[in-house]
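The structure appears below as structure tokens.
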């Protein structure tokens with residue numbers, strides 16, 4: 001068998017150009033298949049790591065996916081608000097360890113503005129229960145202080161001390177801006193790879209203050225100056241949602257049932273992990289489509305290798321006849337073609353793995369910056385090893401077709417071949 005592999009290696013080297021094209025085809029197929037699998041699994045992990053350590057999310061009565069989207073991912077809008085008294089009731093519940101209020105509805109140059117309090121910077125966790133940390137500055141303290149995410153600072157070029165104008169609603173247009181009430185950037189958060197990076201954070205009293213004169217949703221009343229507003233204290237009347245951390249995980253279902261049956265107003269309490277699983281299940285169609293496309297690319301690459309082997313086989317009939325004349329048996333010819341196909345597939349897989357990790361090194365920072373998906377440089381998983389084994393096995397099976405043809409031809413060709 002060792003002699004067969006040595007002969008197969010020399011035969012491949014004798015056809016460098018053709019062999020190189022076959023290897024590149026297999027390598028590109030491996031890069032696409034494993035690359036899609038790696039990005040799929042890392043995207044799923046990043047999705048799940050957007051929020052951690054939060055036991056319940058409470059919002060107005062709606063579906064759990066909708067509540068998760070607007071409260072965590074800042075996508076869409078709430079069906080209704082929560083009364084501030086309801087927040088205080090559940091924040092002081094005996095089972096609750098901490099509670100974070102969230103108020104949404106405004107924006108700044110395409111980025112969502114979120115009103116909250118100091119507990120957000122203390123208790124909010126993402127990833128593997130990682131806390132929010134500051135790249136520069138500190139949490140907001142004054143009425144018109146703002147803390148911005150890393151993407152906001154990078155894309156808009158903001159630094160500590162920069163002035164920003166918040167707009168009423170999601171559409172940042174001239175007539176909806178609070179032009180006379182600029183905020184000052186006092187803190188910039190470190191990148192998290194989550195929607196936090198794309199959020200402008202202000203205090204709940206600030207949200208109340210900038211909407212003086214906007215009670216009907218339009219600017220129809222007089223808006224006091226910033227100095228005038230600073231002399232007053234503003235207490236929120238409503239919020240969009242609240243994040244809850246419990247003293248004990250055992251109390252999760254009991255509190256969820258209490259919230260869902262709350263009679264003062266219709267509320268929903270969801271568990272982030274369950275809602276994330278449901279959200280990812282809704283995206284499974286696109287996930288399966290990507291995997292299917294990758295599989296077809298691998299099949300196309302292997303068919304390209306088959307075409308190359310069959311084409312070269314016609315030109316190598318004299319070579320096979322010479323090997324037969326030197327004592328090679330038909331089964332040796334069969335094994336030689338199988339070995340060549342295996343060698344080309346194996347080399348293509350190795351090259352594909354090298355290209356994959358080189359490509360991930362280059363594009364992973366771009367993917368993290370653009371889409372918030374953190375790609376960890378881990379070893380090959382068990383599932384990826386199975387995919388590699390399937391590709392190798394498919395390469396061997398593909399080699400059977402030209403090997404059978406060579407086997408039959410070697411029995412009849414002899415030294416005089418009809419070319």
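The values are calculated or read from the model by the stated rules, or taken from the named source; none is laboratory data. Keep in mind it's a predicted model, so treat the numbers as computed, not measured. Here the Cβ is made from the backbone with ideal geometry for all residues, glycine too, and neighbour counts use every protein chain on show.
Brief remarks follow.
- Within segment 116-141, tally of residues that are buried (at least 16 other Cβ atoms within 10 Å of the Cβ) and outside any helix (DSSP H, G or I): 10
- So residue 39, is it buried (at least 17 other Cβ atoms within 10 Å of the Cβ) and either part of a loop (DSSP other than H, G, I, E, B) or touching a residue at least 12 places away in the same chain (Cβ under 8 Å) (or both): yes
- Residue within segment 271-291 that is modelled with pLDDT of 75 or more, part of a loop (DSSP other than H, G, I, E, B) and under 25 Å from residue 114 (Cβ atoms) present: yes
- Annotation note: of 367, 322, the sole residue that is in the same structural domain as residue 402 (by TED's automatic domain parsing), assigned to a helix (DSSP H, G or I) and modelled with pLDDT of 65 or more is 367.
- In the set 104, 67, 32, only one residue is within 26 Å of the chain's Cα centre (by Cα), in the same structural domain as residue 208 (by TED's automatic domain parsing) and assigned to a helix (DSSP H, G or I); that residue is 67.
- The lone exception for residue 175 - which of (1) at pLDDT below 80; (2) assigned to a helix (DSSP H, G or I); (3) farther than 25 Å from residue 74 by Cα it fails: (3)
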